[in-house]
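Values quoted throughout were computed directly from the atomic coordinates according to the rules given, and no laboratory measurement underlies them. Values in this document were obtained by computation on a predicted structure and should not be read as measured data. So basically every Cβ, Gly included, is an ideal-geometry build from the backbone, and we count neighbours across all protein chains shown.
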Amino acid sequence: MRLLGDDILTEEGEFIINMGPQHPSTHGVLHLKIWLEGETIKRVQPHLGYIHRSIEKMSESLSYRNFIFATSRMDYLSAHMNNEACALAVEQGLEVEVPQRAKVIRTLMAELTRLSSHQLWWGCTGLDLGAVTPFFYAFREREAIMSIMEETCGARLTQNYMVPGGVMADLHPDFQKHTKEVLTQIKDKLHEYDEVLSGNVIFEQRTKGVGFLSKEDAISYGCTGPMARASGVSCDIRKLKPYSAYDQVQFEEILDTGGDCYARYMVRMAEMKQSVSIIEQLIDNIPEGDFQAKTKNVIKLPKGEFYQRVETARGELGVYLVSDGAASPYRIKYRSPNFSNLSALPHMAKGAKIGDLVAIMATIDLVIPDIDR
Amino acid sequence: MFLKEYFGTIYKASKSLLTGMKLTGYYFFHPKEIQTHEYPDNRGTLKMADRFRGEVIMPHDANNEHRCTGCQACEIACPNGTIKIITKQEIQPDGKKKKRIDTFVYHLELCTMCNLCVVACPSDAIVMGQTFEHSVYDKKQLKKVLNKPGSKLMEGVE
Amino acid sequence: MKPLLAISFSSLANSFHQWLTAMFANDMAVMVTEMVVVGISLIVFLVLLSFFLGYMERKVAAFMQIRLGPNRVGPKGSLQIVADTVKLLFKEGLTPDNADKFLFNLAPFIMVITSMLVVAPIAFARDFQIWDISIGVLYVSSVSSITVIGILMAGWSSNNKYSLLGAMRSGAQIVSYELSIGLSLISIVVLSGSLSLGDIVNSQVNGWWIFKGHIPVVIAFIVFIIASTAEINRAPFDMAEAEQELTAGFHTEYAGMKFAMFLLSEYINLFVVSAIAATIFLGGWMPLHIGNWQAFNQAMDYIPSSLWFFGKTFTIIFIIMWFRWTFPRLRVDQLLNLEWKYLLPISMVNVILVTVMAIMGWHF
C-alpha cells in the first residue's frame with residue numbers, strides 16, 4: 001500500500017497542480033492532483049468524496065417506496081434510469097408483473113432522458129474545448145425534452161416518476177403530440193451539431209488520438225457505456241439483458257474501435273440517433289391498460305439478494321439489494337458507471353497535455369455526484 | 001504529392017471552419033431564433049405545467065373546510081421528515097371523541113417535491129401546487145402550516 | 001475631393017491649433033498643451049471605445065448563441081458595461097500574500113500602456129493622425145509585442161502555477177505569431193514602398209491593396225487576421241487564459257480594477273489590430289475608389305473619411321468576434337504547428353510573390 005506521503009513526492013522538473021474541487025472543467029467537485037512536467041502530464045490522481053451524501057446508508061432506513069427518490073440525485077442527468085433500476089430490483093423481489101403500458105412508458109422516458117443527457121454532454125464537450133456556442137444549441141433541444149418531462153412527471157430533472165410496479169402517474173394527454181414535435185425538432189437540428197463541432201478541424205485535432213483506451217484496458221478498468229463501446233467492448237445492457245420494453249424495439253448497439261476521444265464522441269452522437277429511432281417505434285404503439293401494478297401499501301421483500309442493472313446514459317448501473325424481510329432494505333449497493341469510468345482517467349491521461357485532460361474528462365462524460373453517491 | 005496533401009489539408013480545414021461560421025452567422029442574422037424567456041417580465045403569461053410540483057398545498061373550499069383526516073399516511077410516506085401532523089381529540093355533536101387534525105406542519109426547506117405524500121394520501125387532502133417562487137429572507141418563513149385557522153374537516157370524509 | 005461636411009476632424013484639429021497659437025506666444029507651451037489634450041482625449045476615447053466593444057462582444061455572442069444578451073441596464077442593456085465597471089471599481093484589489101507585489105501591481109499598467117501606445121500612428125480620418133511616424137509599420141509591430149512582457153510579468157508575479165502556465169504559453173505564442181504578422185505587413189510595405197502608415201493609406205487612392213494586389217495580398221490579409229487574433233490572445237488562440245484548462249490563466253489572481261485593466265487592454269488591442277488591418281489592407285480612411293471611375297469616386301468621397309475608417313475597423317472586429325464565438329480552442333502544440341508549419345511558410349512564399357509582383361509592376 002502506498003503511504004500518503006509518497007503521493008506528494010515529485011521528481012526533478014516535476015510540479016504538482018491541483019485541478020479542482022473548484023475548477024471550470026471538472027463539472028463538479030472532483031479533485032484531480034496532476035503531476036506535470038511543463039505542460040505534459042506525468043500522473044493524475046483523482047481525489048473523491050467531496051460530494052458524498054451517503055445515499056446507500058440512508059436508504060437502509062427508508063421504505064422500499066421511499067428510497068427510490070434519492071437515486072435521482074446520483075446521476076442527475078439520467079434520473080429516470082436510476083429510478084428504474086431501483087424499481088426493477090424491488091419488483092424482482094416482489095415478483096410482480098409490470099403492466100405492458102408501464103414498461104413502454106418507462107422505455108420512452110428512459111430514452112428521452114438519454115437524449116437530453118447526451119445533448120447536455122455534447123454542449124459541455126464543446127464548452128470544455130473552448131467553443132461556447134454549441135452549449136446553447138444543445139440546450140435549445142434539451143429544453144424541449146425537459147418540458148415534456150415537466151408535463152408528464154411534474155419535475156424537470158429529478159422526476160421520481162418510477163414506483164415499484166410501474167410508473168407514478170399516467171402519461172399526460174398531450175405527451176404523444178409533444179414528443180413527436182420534439183423528435184421532428186431534434187432531427188431537424190442534429191445536422192447543426194455536426195456542422196458546428198463534429199466536422200470542425202480544430203475539434204478533430206483536439207480529440208483524434210487523444211486519450212486512447214484499448215479494448216483490454218476498457219474491460220479491466222470496468223468501463224461501461226459509450227466509453228467502453230468506443231473501445232469496441234459490447235456492453236449495452238439494453239441488448240445483452242433486455243429490460244422493460246427494449247425487447248420490443250429494433251436498435252443497433254453502436255460500437256467503435258477507435259478508443260480515443262473522437263470515437264467516444266462519435267458513439268454518443270450515433271446513440272442520439274438510435275434513441276430517436278427507439279422513441280419513434282414506441283410512440284405510436286403505447287398499449288392501453290394500467291400504468292401501475294397493484295402492490296401492497298407497505299412493501300416487504302422476501303429474505304434474499306436482488307440485483308438488477310440498467311443502461312444509463314453513462315453506462316451500466318447495478319442495484320444490489322439485500323433484504324432481511326423487513327420493510328426497509330438491509331443493504332443497498334449501487335454499482336455506478338461513473339466511478340469505474342473515472343478509474344480509467346489516470347491511465348488515459350498519462351503523457352497528455354493539460355488541454356487533452358480536459359478533452360478526456362469531457363468525453364468520459366462525468367457526473368460527479370454519481371461517483372461519490 | 002506532398003504539396004497536394006499540404007494544400008488539401010488547408011482546403012479541408014478552411015472549409016470546415018467556414019461551415020461552422022456559416023451556422024453561427026445564420027443565427028446572428030436571424031434574431032427570430034432567439035430562445036430567451038424574459039423572466040420575470042413574462043410572469044403574467046407564464047403558465048406552469050398542470051402537474052408541475054412546486055410545493056404541497058391543502059385545498060380548502062368556500063366553507064373553509066379541508067379533506068385531511070389526520071391519518072398521517074403522508075408523514076410516514078415522506079422520506080425527509082418534511083411533514084409533521086399534530087392531532088387533537090375533538091368531541092363530535094353525538095358525544096363521541098374523534099381524532100382530528102390540529103396543525104399540518106410542512107417544512108418547505110426540507111421538501112424534495114417527490115410527490116410521495118400526495119400519492120399516499122387516501123382522501124386526496126393534499127395536492128401539489130404550481131408556485132415556484134419560494135425564496136424568502138428568513139428560513140423560518142419556509143415552515144408552513146397548511147390547514148387554515150378555524151378550518152374543519154369536510155362532511156363525509158373519513 | 002470635397003468632403004460632405006464642412007467640419008471634419010482635421011479642420012477641428014487645425015482650428016484648435018490656430019486658437020492655441022493665438023493664445024500662447026511660446027511654441028513650447030502650445031506643444032505641451034496639445035500633447036496633454038491629445039493624451040487625455042485619447043484615453044477617454046479608448047476607454048469609451050472599449051466600453052462599446054465590451055457591449056458589442058456580449059451582444060454578438062448572445063445573438064450567435066440564440067440569446068438576448070444584456071438587456072436590463074439602460075436601453076437594450078447598453079449601460080450594463082458601465083454598471084460592471086462600477087462594480088469592479090468598488091471591489092477590493094486583492095494582492096496574494098506571496099506574490100511579487102511590485103511586479104504584480106505593475107503588470108496591468110504595462111498591458112494598458114503598451115496597447116494605448118500602438119494607437120499613435122493610426123490615421124482615424126483624412127489628415128487626422130496623432131503621429132505620422134516615418135517607420136509606422138515597424139513601430140506598430142515592435143511596440144505591440146511588448147504586451148507579452150506584461151503577461152509574463154503578471155503570470156510570474158502571481159505566484160500561482162496556473163498563472164505561470166498561462167504566461168509561458170502566451171510567451172511562446174506571441175513570439176512565434178509575431179513572425180507571420182511581420183511578413184504579411186512587409187508584403188504591403190513592399191507594394192507601397194513606405195513604412196509610414198500615412199503614405200500607405202495615400203498609396204491606396206486608386207483602390208485598396210486587397211483589390212489591387214491580387215491573390216497574394218488576400219493571402220497576406222488572411223494570415224494577418226489569423227496571426228493577430230493569436231497575438232491579442234483571443235479565442236480560438238486564448239492559450240494564456242484558457243478558462244477551461246487554466247481557470248483564467250495569467251490573470252487568475254487579479255481582482256477589481258487591476259482585472260478590469262486587463263480587459264481594457266484586451267479590447268484596445270482588438271481595436272488596434274483591426275485598425276491596422278483596415279489601414280494596411282483596406283485603405284484606412286480612404287473611400288472606395290476604383291481606378292478611373294471619376295463619378296463613382298466622387299460619390300464615394302461624400303461619405304466622411306472617419307466613417308470609412310470605423311466601418312472597416314468594426315467589420316474586422318466583428319469577424320474576429322465571430323471566430324471567438326464559433327471555434328473550439330487549439331492545443332498549445334497545435335497552435336505552434338499552425339504557425340510554423342502553415343502560416344509562416346505560406347507568408348514567406350507570399351512575400352516572394354508580392355516582391356516579384358511589385359518589381360514587375362503586375363499590380364494595378
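Rounded to the nearest angstrom and listed largest first, the equivalent-ellipsoid semi-axes of segment C:33-180 from its Cα gyration tensor are 26, 26, 18. Ranked from largest, the principal axis spans of the Cα set of chain C equal 64, 56, 45 Å. Mean residue ellipticity, 222 nm, helices only, chain C: the sum of -39500 (n - 2.57) across DSSP H runs of n ≥ 4, divided by residue count and rounded to 500, is -22000 deg cm²/dmol. Among B:THR69, B:THR24, B:THR103, the largest mean-square fluctuation in a Gaussian network model of chain B, built with springs joining Cα atoms closer than 10 Å, belongs to B:THR24. Here's the list of lysines a cross-link from A:LYS57 could span, going by alpha-carbon distance under 18 Å and ignoring same-chain residues fewer than 8 apart: A:LYS333.
The H on the amide N of B:ALA49, modeled in the peptide plane, is under 5 Å from the matching H of no residue at least 5 residues off or on a different chain. Dividing the radius of gyration of the alpha carbons in segment A:281-361 by their Kirkwood radius gives 1.20 for Rg/Rh. Between helix A:261-283 and chain A there is an angle of about 10 degrees, using the helix long axis and the longest principal axis of the Cα atoms. Membrane-span-like helices of chain C, defined as complete DSSP H segments with a Cα extent of 30 Å or more along the helix axis and a mean Kyte hydropathy of at least -1.0, are identified as C:27-64, C:161-192, C:256-282. For B:VAL157, no residue whose modelled amide H falls within less than 5 Å of its own remains once neighbours fewer than 5 places apart on the same chain are excluded. Structure note, pairs C:LYS91/C:LYS312; B:LYS22/C:LYS312; B:LYS12/C:LYS312: Cα-Cα distances above 30 angstrom occur for C:LYS91/C:LYS312. What's the angle, to the nearest 10 degrees (0 to 90), between helix B:2-28's Cα axis and the longest principal axis of chain B? Taking Cα atoms only, the helix is inclined about 40 degrees. Put simply, the amide H of A:VAL163, placed in the peptide plane, has neighbours under 5 Å in A:MET168, leaving out anything fewer than 5 places away on its chain.
Convex hull volume of the C-alpha atoms in segment C:145-207, normalised per residue: 87 Å³. For the protein assembly as shown, A:CYS86, A:CYS124, A:CYS153, A:CYS223, A:CYS235, A:CYS261, B:CYS68, B:CYS71, B:CYS78, B:CYS111, B:CYS114, B:CYS121 have no disulfide-compatible partner, since no other Cys C-beta lies under 4.7 Å from theirs. With coordinates expressed along the principal axes, the C-alpha atoms belonging to segment A:176-298 extend over 53, 38, 28 Å, beginning with the largest. The HN-Hα couplings worked out from phi for segment A:122-133 by the Karplus form 6.51 cos²θ - 1.76 cosθ + 1.60 (θ = phi - 60°) are 4, x, 5, 4, x, 4, 5, 8, x, 9, 7, 4 Hz, whole numbers, x standing for Gly and Pro. Here, segment A:246-295 yields an orientationally averaged convex hull projection of 5.3 nm² when only Cα atoms define the hull. If you look at the Cα atoms of segment C:100-141, you get an Rg and a Dmax of 14.0, 46 Å. Over segment C:238-338, the hull volume per residue, using the convex hull of the C-alpha atoms, is 130 Å³.
Computed over all pairs of different Cα atoms, the Kirkwood value for the hydrodynamic radius of segment A:1-153 is 19.1 Å. Scaling against 2.2 N^0.38 Å puts the C-alpha radius of gyration of segment C:211-266 at 1.55. Between A:GLU311, A:GLU204, A:GLU12, the residue with the greatest mean-square fluctuation in the GNM of chain A (Cα pairs under 10 Å linked by springs) is A:GLU12. Rounded to the nearest whole Hz, the Karplus-based 3J(HN,Hα) values (6.51 cos²θ - 1.76 cosθ + 1.60, θ = phi - 60°) of segment A:327-338 follow the sequence 7, 10, x, 6, 8, 10, 9, 9, 9, 8, x, 5, with x at glycine and proline.
Over 21 Å apart: what share of the alpha carbon pairs of segment A:160-228 falls there, rounded to a whole percent? Roughly 63 percent, rounded to a whole number. Anything over 23 Å Cα to Cα? Flag those among B:LYS32/C:LYS59; B:LYS15/C:LYS341; B:LYS47/B:LYS84; A:LYS294/B:LYS88, in the order listed. Check vs 23 Å cut-off fails for B:LYS47/B:LYS84; A:LYS294/B:LYS88.
Within the listed set C:TRP308, C:TRP322, C:TRP19, the residue fluctuating most in the Gaussian network model of chain C (springs between alpha-carbon atoms under 10 angstrom) is C:TRP19. Could you work out how far the C-alpha centroid of segment C:105-127 sits from that of segment A:308-342, in angstrom? Centre-to-centre (Cα) distance: 62 Å.
Relative to one another, the C-alpha centroids of segment A:46-105 and segment C:289-361 are positioned 59 Å apart. Find out how many positive minus negative residues lie around C:PHE262, taking Lys and Arg as positive, Asp and Glu as negative, among other residues whose Cβ is under 15 Å from that of C:PHE262. Surrounding charge for C:PHE262 is -4. Among residues other than B:THR131 with Cβ under 11 Å from its Cβ, the summed charge is -1 (Lys and Arg +1, Asp and Glu -1). The Cα-based radius of gyration of segment B:55-153, divided by its Kirkwood radius, gives an Rg/Rh of 0.98. Each residue of segment A:366-372 is assigned a 3J(HN,Hα), and the resulting list reads 7, 10, 5, x, 6, 6, 8 Hz, derived from the Karplus form 6.51 cos²θ - 1.76 cosθ + 1.60 (θ = phi - 60°), x at Gly and Pro. Computed about the Cα centre, the dipole magnitude for segment B:55-153 is approximately 440 debye when only Lys and Arg (+1) and Asp and Glu (-1) carry charge, each at its Cβ. Over the residues of chain A, the helix contribution to mean residue ellipticity at 222 nm works out to -13500 deg cm²/dmol, using -39500 (n - 2.57) for each DSSP H run of at least 4. Across every pair of non-identical alpha carbons in the protein assembly as shown, the mean reciprocal distance, once inverted, gives a Kirkwood radius of 31.5 Å.
Over all pairs of different C-alpha atoms in segment A:4-372, the reciprocal of the mean inverse distance, the Kirkwood hydrodynamic radius, equals 21.2 Å.
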